[in-house]
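A.B. asks: Pasting a structure here, questions to come.
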There are 2 protein chains.
Amino acid sequence: MANGPIILIALGGNALIKKGQAGTAEQQFKNLELPMNQIARLSRKYKIVITHGNGPQVGNLLLQQESCSEVPKMPLEIIGAMTQGQIGYMLESSLDTALMEIGITEEQQFVTLITYVVVDENDEGFKNPTKPIGPTYTEQPARGLPYNMVRTDRGLRRVVASPKPQTIVERREIKKLIDMDFIVICGGGGGIPVIRQNRKFRGVEAVIDKDLASSVLAREIEAAAFVIASDVPGAGVNWGSQNQKILGKVSLSQVQQYAREGQFPAGSMGPKVEAVMDFYKATGQRGIICHLEDIEHAIEGNAGTEITT
Amino acid sequence: MANGPIILIALGGNALIKKGQAGTAEQQFKNLELPMNQIARLSRKYKIVITHGNGPQVGNLLLQQESCSEVPKMPLEIIGAMTQGQIGYMLESSLDTALMEIGITEEQQFVTLITYVVVDENDEGFKNPTKPIGPTYTEQPARGLPYNMVRTDRGLRRVVASPKPQTIVERREIKKLIDMDFIVICGGGGGIPVIRQNRKFRGVEAVIDKDLASSVLAREIEAAAFVIASDVPGAGVNWGSQNQKILGKVSLSQVQQYAREGQFPAGSMGPKVEAVMDFYKATGQRGIICHLEDIEHAIEGNAGTEITT
C-alpha cells in the first residue's frame, strides 16, 4: 500500500536453490523466507517489483523431458514460461506468508505476470550460441539431437544464444499494476524471449540474462532503485590478491575502469555490473548489487556495491 | 478496449490438445487458432476473461518427473503453477497473433495471472480421493510410492482429491484488471488449490474442476455471460436412444430434472452443467455450454446449451 518510490529487486537463482542443494520444493520455500521477509517489510515504504532467475529450474525441466520419450518435448520458451509459473507461485506464496507475519496481508495485493522480453533476431548471439543449458550428453546419444553442442569436461552440452534484452513486452501492464499499488512479480528468467515479426511476437530458443533484462525493466518502469540480490555481498575486485575487496559506493568511471581490466567475470559478476551501470547511466538512479541477506541494508545505503557519480 | 459487458470463456483442454494428439507445441498453437480468432473479434464488444483446463499438460509433467530420478519431484500444486505459465504463454501468444490479424494489437493489453483457488480442508474429497492423475504403474514400481492408488484396467494410478472450489484468491486483482480493459488469462486448471490456515494459504495435493472454478470466478467478477467451450456442441440428453438430442435453450428446472435422471456423466458433462446452473442460479446471468467452434454464435444466442428461466 506504499506510495513511495518504485524499487525493482532482482533475485538470483540462489534465492530459491542454494549451491549444492538438489532443489526440493521444501528447500526452495525455506530459502525464500530470508528475501521475502525483507521484501514484505520494504513494501510498507516502497512500491515493489520482483524479478528472478530460473537457471536451475530450467535445467531440471530439460533433464526431465530428456528422460521421457513418451511426452513431446517443449521448446525452450515454453520451458521458460513453465518456470515463470512455478517460481511465481513460490514467490507469491512466500510473500503472502511474510506479509501475514507482519500483519499486512489483507490490504496488500500482488500478482505474478507471465512476461516476455523482445530480442533482436539479428543479435550476434544467434550466430554463435555460447550459453550451455540442460543435461550433459555422452557422444552417442548426443549425435541425433537437433542442437548446437559444445564439448565440456564431462561430455557434450547443448548451447543456445543469449541475446541482449531490448524491451519488456508487458512494461505498460506492469507500470499500471504498480501505480495501482500491486506488488508485481514478473520477468522470470529474464522473460520469455520473443522476436518481433511484423507486429506480432514469436518465441525463440534462447536464454536471457535476468540481470540485464531486469535493468531494462527497471528503466522502463522508472524505478528509483534497482537492486540485484544474490549470494555475494557485492562486486569484488583484485580477487585472490592482497588488495581484494568488495566495492561499496563506487563511481561509474571507476567501475568502468575495473570492467575494462576484466575484474568482473562474464557469466557471473560481469552482467550484474553491466546491468547496474546501464541503469545508472540511463536514469541517474540507484543501481545496487548486494547479498540476499542485505536487501534492506543495501536500500538504506549500508551494504552492497552501489554506483555513484 | 471494449467497454461492454464482461464475458468469461472457459476453454476445455481440447482447445490445446485434441483427442489422439500427442500434444506437441506446434499442435497446441495450431489448435488455439480457432478459439483465439473468435475471442479476438469478441474483444471489440466485450471485456474478456479466459480460463482453461490443464489435464493433459499436468499428466505430461507428472510422467516426465516420474521418468527422471535425478531431479526432485515437485508437488502437484507446483506442477499446476507450471502449466499456468505454459498454457498462459501459449494463449497469450495465440491471442496476440489473432488480435494483430484484425488490427487491434497495439491498443489491446492483456495479461496472464498465476491464480489460486481456495478449497476447504474438510472437503469430503480429501477423505476419499477419486481423481486419477499421472502415469499408470504396474504393481511393483507402485509399491514404494507415497500415493493413494486406484486399480484400473491397465494398472495402478495415483488418485487425488478434487475438492469444491470456494473462491478465487485473485478475484479482486482480476476485477481491477478487467476494469482497466485488460483481457485477463487466469484460473488455469481451475487454479492452484490452497487451503486457508489462519490468514495465509498453503498449497494442497488436489486437482480442481476448471468449470466449477470458472463458475465461481464468473460470479465473483460479475460476468454477464459464462461460456464453457469444449469439443461437444452442448449438453446432450437421452444419449443412445431415438430421442437423443443436444439441448439448446433450456429452463433451469428442466436441466435440474435431467441432472437428477443422471443424464450428465460425472467427470465430463456433469460438472459443466453444474457450473452453468450454479452461475445462473446465483446471478440470473447467461450460462452457456458450446463447442469451441461456436463461441461467437453461442454468445449471439445461436448455438450451444443455455440455461434460461
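A.B. asks: Is there a residue in the range A:155-164 that is touching a Phe, Trp or Tyr at 6+ places or on another chain (Cβ under 7 Å) and in a loop (DSSP other than H, G, I, E, B)?
C.D. replies: Yes, there is a match, as at least one residue in the range A:155-164 is touching a Phe, Trp or Tyr at 6+ places or on another chain (Cβ under 7 Å) and in a loop (DSSP other than H, G, I, E, B).
A.B. asks: Among the numbered conditions (1) of a type in the set (Ser, Thr, Tyr); (2) within 19 Å of A:Ile178 (Cβ to Cβ); (3) surrounded by fewer than 20 Cβ atoms within 10 Å (Cβ to Cβ), tell me where A:Thr24 comes up short.
C.D. replies: The number of the failed condition is (2).
A.B. asks: Let me ask something else. (1) closer than 28 Å to B:Ile299 by Cα; (2) surrounded by fewer than 24 Cβ atoms within 10 Å (Cβ to Cβ); (3) small (Gly, Ala, Ser): which one isn't true of B:Ala15, the others all being true?
C.D. replies: Condition not satisfied by B:Ala15: (2).
A.B. asks: Among the residues of the range B:156-170, which ones are at pLDDT below 95 and within 13 Å of another protein chain (Cβ to nearest Cβ)?
C.D. replies: B:Val169, B:Glu170
A.B. asks: Here is a further query. I'd like the residue in the range A:262-309 that is in contact (Cβ under 8 Å) with a residue 12 or more places away in the chain and of a type in the set (Asp, Glu) and, out of all such residues, is nearest to A:Ile17 (Cα to Cα).
C.D. replies: Looking at the filtered set, the residue picked out is A:Glu293.
Residues checked against (1) surrounded by fewer than 18 Cβ atoms within 10 Å (Cβ to Cβ); (2) closer than 14 Å to B:Pro165 by Cβ:
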{"site": "B:Ala223", "(1), (2)": "no, no"}
{"site": "B:Asp231", "(1), (2)": "yes, no"}
{"site": "B:Gln257", "(1), (2)": "yes, no"}
{"site": "B:Glu274", "(1), (2)": "no, yes"}
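A.B. asks: Name the strands (runs of 3 or more DSSP E) wholly within the range A:170-218 that hold at least 2 residues that are of a type in the set (Val, Ile, Thr)?
C.D. replies: Correct list: A:183-185, A:192-197.
A.B. asks: For the range B:88-103, which positions are farther than 12 Å from B:Ile39 by Cα and in contact (Cβ under 8 Å) with a residue 40 or more places away in the chain?
C.D. replies: Correct list: B:Gly88, B:Met90, B:Ser93, B:Glu101.
A.B. asks: Could you tell me whether any residue of the range A:162-171 is surrounded by 14 or more Cβ atoms within 10 Å (Cβ to Cβ) and farther than 30 Å from B:Glu107 by Cβ?
C.D. replies: The answer is yes, given that some residue of the range A:162-171 is surrounded by 14 or more Cβ atoms within 10 Å (Cβ to Cβ) and farther than 30 Å from B:Glu107 by Cβ.
A.B. asks: Another question, then. Scan the strands (runs of 3 or more DSSP E) fully inside the range B:42-118 and keep the ones with 2 or more residues being facing chain A (nearest Cβ under 10 Å), touching a Phe, Trp or Tyr at 6+ places or on another chain (Cβ under 8 Å) and not polar (S, T, N, Q).
C.D. replies: Correct list: B:110-112.
So that you can scan it fast, the table gives a plain yes or no per residue for (1) closer than 30 Å to A:Ala25 by Cα; (2) aliphatic (A, V, I, L, M):
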{"position": "B:Leu16", "(1), (2)": "yes, yes"}
{"position": "B:Gly23", "(1), (2)": "yes, no"}
{"position": "B:Phe29", "(1), (2)": "no, no"}
{"position": "B:Pro35", "(1), (2)": "no, no"}
{"position": "B:Pro56", "(1), (2)": "yes, no"}
{"position": "B:Pro75", "(1), (2)": "yes, no"}
{"position": "B:Ile79", "(1), (2)": "yes, yes"}
{"position": "B:Ile87", "(1), (2)": "yes, yes"}
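The values are calculated or read from the model by the stated rules, or taken from the named source; none is laboratory data. What you are looking at is a predicted structure, and each value in this text was computed from that prediction instead of being measured. Don't worry about glycine lacking a Cβ; one is built from the backbone with ideal geometry, like all the others, and counts go over all protein chains shown.
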